Amino acid sequence: MPDRTHRVVSGDGTILVYDFTPHPPGRRADYGFVREDFEGAILCPEKDCPDHEPWMGVSRDLGTDRCCAAVYNHGDVVCSDLANCYILWQTVGRYISTGLHYRITWTMQAALPDEPGKIRRCSYLLESRGGGELLLASVLQEACGGGRLACDLSVSLHALEREGGEEPLVEWARRDDGTSMLGDDVLFLGFPGSFAVDAARFGGEVSGGTAYFVMDNDSGGQTEEPCRVYRYSFHDGAATLVETLPPGWHDARCMWFLPDPQISPIRRGGPATSSGSSRRGSVPEGG
């Protein structure tokens, strides 16, 4: 595996380690002269993947110049860029002469849901709370918007639905047209991983039915304006600027984390105190 890799842990404990290196324009992986752009390895809990090696390699040429997100989900690796998702799955064959097994990686490409009148600025993949569904969260901007204003931004949410068979059939089901499944959830959209959390754990500091994300200035490095943090409400469809990050913070690929509270020892005759906090935080992917 390359030295610079990204790591994503699924709700079932599966670890996906991957590296994405886009090819130069006009070049694709061919006969080993150009390596495949997606290279990864999967470590599953032994009880869930009894036939897997400790680390099962998976690699494929996706033929895209961008990989916004990649996750392991129910036996498959799912990747997305700004226009398509790519589902990678493996089948096991056996050599007749030796009886040894081998694996073949297959890929299916499916278009992301169309968003008329809007531009998809980024796409995120995350499991629903409880792990029942794989969700696609898309940060959108009005196509006629004049700048990176909160009023131009929105977030759409879809669930990936697959039907079995030799080649899975992919459909997208809208999940932001009602707040029943989002009423208690807050989504943190970042890179390399995104996640959903019960808003109650924040003690009223954040509201359910919302999504937090980071945006750059989309200037292609022409300005030094730092990134901004936004909150989107699925209840009223409004995006709000939460915070402008410190100078020098120009990479919007940020990772959200939830630090565990540090509980100090209980003192006799006094209440226990907490020296930590479970408030949200974000750090650059390389930080």
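The values are calculated or read from the model by the stated rules, or taken from the named source; none is laboratory data. Predicted model, so just to flag it, every value in this text is computed and none were measured. Ideal geometry is used to build each Cβ from the backbone, glycine not excepted, and the neighbour counts take in all protein chains shown.
If the requirement is being at pLDDT 80 or above and either closer than 22 Å to E127 by Cβ or surrounded by 13 or more Cβ atoms within 10 Å (Cβ to Cβ) (or both), which of these qualifies: A41, A29?
When all the criteria are applied, what remains is A41.
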message = Taking the criterion of being surrounded by fewer than 19 Cβ atoms within 10 Å (Cβ to Cβ), among the hydrophobic types (A, V, I, L, M, F, W, C), closer than 22 Å to R129 by Cα and modelled with pLDDT of 80 or more, would at least one residue in the stretch 206-227 satisfy it?
response = yes
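Looking only at the stretch 158-199, how many residues end up being assigned to a loop (DSSP other than H, G, I, E, B), farther than 19 Å from L140 by Cβ and either acidic (D, E) or at pLDDT 90 or above (or both)? Spell out how you get there, then give the answer.
Quick first cut of the stretch 158-199, residues assigned to a loop (DSSP other than H, G, I, E, B) only: 164-168, 175-184, 189-194.
Cutting the leftovers down to farther than 19 Å from L140 by Cβ gives us 164-168, 180-181, 183-184, 192-193.
Filter again for either acidic (D, E) or at pLDDT 90 or above (or both), leaving 166-167, 184, 192-193.
Summing the residues that are assigned to a loop (DSSP other than H, G, I, E, B), farther than 19 Å from L140 by Cβ and either acidic (D, E) or at pLDDT 90 or above (or both) in the stretch 158-199 gives 5.
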Search result, residues across the stretch 99-140 that are in a strand (DSSP E or B) and either touching a Gly at 6+ places or on another chain (Cβ under 8 Å) or at pLDDT below 80 (or both) = H101, Y102, R103, I104, Y124, L126, E127
remark   = When I96 is run through (1) in contact with an Asp or Glu (Cβ under 9 Å, 6 or more places away or on another chain); (2) among the β-branched types (V, I, T); (3) not in a strand (DSSP E or B), the failure sits at (1)
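Are any of the residues in the stretch 77-85 in contact (Cβ under 8 Å) with a residue 60 or more places away in the chain, within 20 Å of G132 (Cα to Cα), aliphatic (A, V, I, L, M) and out of contact with any Cys (no Cβ under 9 Å at 6 or more places or on another chain)? Working first, answer last.
Within the stretch 77-85, the first condition is being in contact (Cβ under 8 Å) with a residue 60 or more places away in the chain, and the residues that meet it are 77-78, 85.
Applying the additional criterion that residues be within 20 Å of G132 (Cα to Cα) yields 77-78, 85.
Retained after the next criterion (residues that are aliphatic (A, V, I, L, M)): 77-78.
Add one more test, that the residue is out of contact with any Cys (no Cβ under 9 Å at 6 or more places or on another chain), and what stays is 77.
Checked against the condition, which is being in contact (Cβ under 8 Å) with a residue 60 or more places away in the chain, within 20 Å of G132 (Cα to Cα), aliphatic (A, V, I, L, M) and out of contact with any Cys (no Cβ under 9 Å at 6 or more places or on another chain), the stretch 77-85 yields at least one hit.
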